[in-house]
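Written below as structure tokens is the structure these notes are about.
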Amino acid sequence: MRGVVDSLKASDVDWTFFSPAMTIKPGTRMGKYRLGTTTLLADEKGESRISVEDYADALVNELESPAHSRSQMTIAY
């Protein structure tokens, strides 16, 4: 995927590369999560996880109010 990001960076398109946590699965929408850039986020136990519901919430928020134009973002609890 690094090649994809490099290609996007070299292009003229407006893009956002949204990377999920290591573990993404259905669960509960908590509405509280952390956003990052290019580094995998993990909690104090070293776990990197997010629910599908919170991932979708963050994705819709980014679509409605772009804050990561032409950059990579990631999400986790």
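Quick look at the numbers
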item	result
Number of the condition not met by Phe18 [criteria: (1) over 12 Å from Ile75 (Cβ atoms); (2) part of a strand (DSSP E or B)]	(1)
Residues of the stretch 47-75 satisfying the condition of being in contact (Cβ under 8 Å) with a residue 60 or more places away in the chain and out of contact with any Ser or Thr (no Cβ under 8 Å at 6 or more places or on another chain)	none
Residue check for Lys9: out of contact with any His (no Cβ under 6 Å at 6 or more places or on another chain), of a type in the set (D, E, K, R) and surrounded by fewer than 10 Cβ atoms within 10 Å (Cβ to Cβ)	no
Residue, nearest to the chain's Cα centre (by Cα), within the stretch 1-38, restricted to residues that are polar (S, T, N, Q) and under 17 Å from Ala67 (Cβ atoms)	Ser19
Residue check, Leu59 in contact with a Lys or Arg (Cβ under 6 Å, 6 or more places away or on another chain), surrounded by 11 or more Cβ atoms within 10 Å (Cβ to Cβ) and among the hydrophobic types (A, V, I, L, M, F, W, C)	no
Residues of the stretch 21-39 that turn out to be loosely packed, with under 15 Cβ neighbours inside 10 Å, out of contact with any Lys or Arg (no Cβ under 9 Å at 6 or more places or on another chain), more than 11 Å from Gln72 (Cα to Cα) and not small (Gly, Ala, Ser), as a count	6
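For every residue, the table says whether it meets (1) in a helix (DSSP H, G or I); (2) among the acidic types (Asp, Glu); (3) touching a residue at least 60 places away in the same chain (Cβ under 8 Å); (4) out of contact with any strand residue (DSSP E or B) (no Cβ under 8 Å at 6 or more places or on another chain).
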position	(1), (2), (3), (4)
Gly3	yes, no, no, yes
Asp6	yes, yes, no, yes
Lys9	yes, no, yes, yes
Asp12	no, yes, no, yes
Lys32	no, no, no, yes
Lys45	no, no, no, yes
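Taken together, the values in this text are just the output of simple stated rules run on the coordinates, not laboratory data. None of these values were measured; they are calculated from a predicted model. In this analysis, Cβ positions are derived from the backbone assuming ideal geometry, glycine residues included, and neighbour counts consider all displayed protein chains.
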